[in-house]
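Trainee: Next up is a structure, given as structure tokens.
The values are calculated or read from the model by the stated rules, or taken from the named source; none is laboratory data. Computed from a predicted model, the values in this text were never measured in an experiment. Ideal geometry is used to build each Cβ from the backbone, glycine not excepted, and the neighbour counts take in all protein chains shown. Heads up: the accessible areas ignore ligands, DNA and RNA and are worked out on the full protein's heavy atoms, side chains in. Shrake-Rupley method; radii C 1.70, N 1.55, O 1.52, S 1.80 Å.
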Amino acid sequence: MAIAVGRIGHEERLSFVEHLDELRTRLIVSLAVLAVAFGFCLWQNHSLLYIVNRPLEHQTQKQVRAGNGPLGATYTVQQAARSVAIQLEHVVGTLERPGSGASAATRTSLHGVTPQLHRAISRLSAAPQGNKPVTLGVGEPFTATLGIALLFALILALPIILYELYSFLLPALRPEHQRIASPLILAVPVLFVAGVLFGYFVVLPAALRFFENFNSDQFNVLVQASQYYHFAATILLAMGLVFQVPVAILAATRAGIVTPRQLRANRRYAILACGAVAAFLPGDAITLLLETVPLYLLFETSVLLASIFDRHAAARRPK
């Protein structure tokens, strides 16, 4: 039989087959949500690829403007051609004027040259285009697109998947433990999304800046699509998991494993741990600081929330 979501209480006893049936129902719901999210992301794959490629494009434009790599060499030639076209436009404009010394036939023949030069200058004045990831295999554009769609589908479907997992495990906990677990579980997807956004706007651009500038004068850097997307997915998912630190700390304090006072007394170890995590992530010294500070603020916020919950729990205890 099908088990409806949220209908099982702690005191109810289900057979092994009923537990399997409930698990199957929740897996089907999770897979259906993931499939819908995947279909939506595959439909919007151009927008998603633009989002993922944007940090790489922004960083590569700096390399192009500096004349580094094949695109930089092309941009240098483009700017030289633009300068020549501007000078020719001035020369043609001078010769077209009456009294320039040029014959009427020459001025007439030059009359259509100025618009052509103006259009050429407009095209050559375009900003340098960012380097899109390159593909080396026939099917790589297809597989890379599927990978990006699946990554974003997981991010979109994660709240529902976690809710289904939470609903399956919740009846095993006592009512007092359920009251502890509920706000923590609900905070998991919120913190995960916050970590992904932090990774996208802070960590990923810093990592690209570090790696693309490392010995860039010795290499013609061309970024392969599959490697770049794997690199970006690793950073985003890693930051999503790192931002689960408040949940782990609150769970440990609510379970009585550690107290807020002990956490405050060992702040120096927390700073070292945040620095170690930030050092493990790619980047330079500035990036290390940008990554360490938010992680430490997460720790302090967790300690503060744990202290508030601890005081509320103490106030509710019978005296």
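The rows are residues; the columns are (1) among the β-branched types (Val, Ile, Thr); (2) surrounded by 11 or more Cβ atoms within 10 Å (Cβ to Cβ).
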position	(1), (2)
Ser103	no, no
Thr108	yes, yes
Gly112	no, no
Gln116	no, yes
Ala120	no, yes
Ser125	no, yes
Lys132	no, yes
Thr135	yes, yes
Gly139	no, no
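Trainee: Under 7 Å between Cβ atoms, which residue pairs at least 6 apart in sequence (or on different chains) link something in the range 250-270 that is polar (S, T, N, Q) with a partner that is not in a loop (DSSP other than H, G, I, E, B)?
Mentor: Thr253/Pro260; Thr253/Ala306; Thr253/Asp310; Thr259/Thr253
Trainee: Does Ile28 fit the bill of being surrounded by fewer than 14 Cβ atoms within 10 Å (Cβ to Cβ) and over 19 Å from the mean Cα position of the chain (by Cα)?
Mentor: yes
Trainee: What is the residue count in the range 242-256 for residues that are modelled with pLDDT under 80 and under 28 Å from Tyr50 (Cβ atoms)?
Mentor: 0
Trainee: Evaluate the following for Gln63: is it among the polar types (S, T, N, Q), open to solvent by less than 30 Å² (accessible area, probe 1.4 Å) and in contact (Cβ under 8 Å) with a residue 40 or more places away in the chain?
Mentor: yes
Trainee: Also, quick follow-up: Residue by residue through the range 222-271, note down the ones that are within 17 Å of Thr301 (Cα to Cα), open to solvent by 40 Å² or more (accessible area, probe 1.4 Å) and not in a helix (DSSP H, G or I).
Mentor: Hits for the range 222-271 are Thr259, Asn266.
Trainee: Scan the range 73-106 for residues that are free of Cβ contacts under 8 Å to residues at least 24 places away in the same chain and either in contact with a Pro (Cβ under 8 Å, 6 or more places away or on another chain) or under 30 Å from Asn213 (Cβ atoms) (or both) and jot them down.
Mentor: Kept after step one, since they are free of Cβ contacts under 8 Å to residues at least 24 places away in the same chain, are these residues of the range 73-106: 73-74, 76-77, 80, 83-84, 87, 90-91, 93-106.
Ala73, Thr74, Thr76, Val77, Ala80, Ser83, listed by residue number.
Trainee: Pairs, please: C-beta under 9 Å, at least 6 apart or cross-chain, first residue within 14 Å of Leu169 (Cβ to Cβ) and among the aliphatic types (A, V, I, L, M) and in the range 16-27, second open to solvent by less than 90 Å² (accessible area, probe 1.4 Å) and at pLDDT below 80?
Mentor: Between residues of the range 16-27 that are within 14 Å of Leu169 (Cβ to Cβ) and among the aliphatic types (A, V, I, L, M) and residues that are open to solvent by less than 90 Å² (accessible area, probe 1.4 Å) and at pLDDT below 80, the close pairs are Leu23/Ile3; Leu23/Phe168.
Trainee: What number of residues within the range 44-74 satisfy the criterion of being at pLDDT below 80 and in a helix (DSSP H, G or I)?
Mentor: So the first thing to find is which residues in the range 44-74 are at pLDDT below 80, and the list is 58-74.
Going one step further and asking which of them are in a helix (DSSP H, G or I), we end up with 58-65, 69-74.
Qualifying residue count, the range 44-74: 14.
A quick yes/no check of all residues on (1) closer than 23 Å to Ala238 by Cβ; (2) assigned to a helix (DSSP H, G or I); (3) in contact with a helix residue (DSSP H, G or I) (Cβ under 7 Å, 6 or more places away or on another chain); (4) modelled with pLDDT under 85:
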position: Gly137; (1), (2), (3), (4): no, no, no, yes
position: Leu146; (1), (2), (3), (4): yes, yes, no, no
position: Ala149; (1), (2), (3), (4): yes, yes, yes, no
position: Ala157; (1), (2), (3), (4): yes, yes, yes, no
position: Ile161; (1), (2), (3), (4): yes, yes, yes, yes
position: Glu164; (1), (2), (3), (4): no, yes, yes, yes
position: Pro171; (1), (2), (3), (4): no, yes, no, yes
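Trainee: Condition (residue is surrounded by 14 or more Cβ atoms within 10 Å (Cβ to Cβ) and either at pLDDT 70 or above or within 18 Å of Ile155 (Cα to Cα) (or both)) applied to the range 11-18: is it met by at least one residue?
Mentor: Checking the range 11-18: at least one residue is surrounded by 14 or more Cβ atoms within 10 Å (Cβ to Cβ) and either at pLDDT 70 or above or within 18 Å of Ile155 (Cα to Cα) (or both).
Trainee: Looking at (1) modelled with pLDDT under 80; (2) under 21 Å from Ala206 (Cβ atoms), find the lone condition where Leu110 falls short.
Mentor: Result: Leu110 fails condition (2) only.
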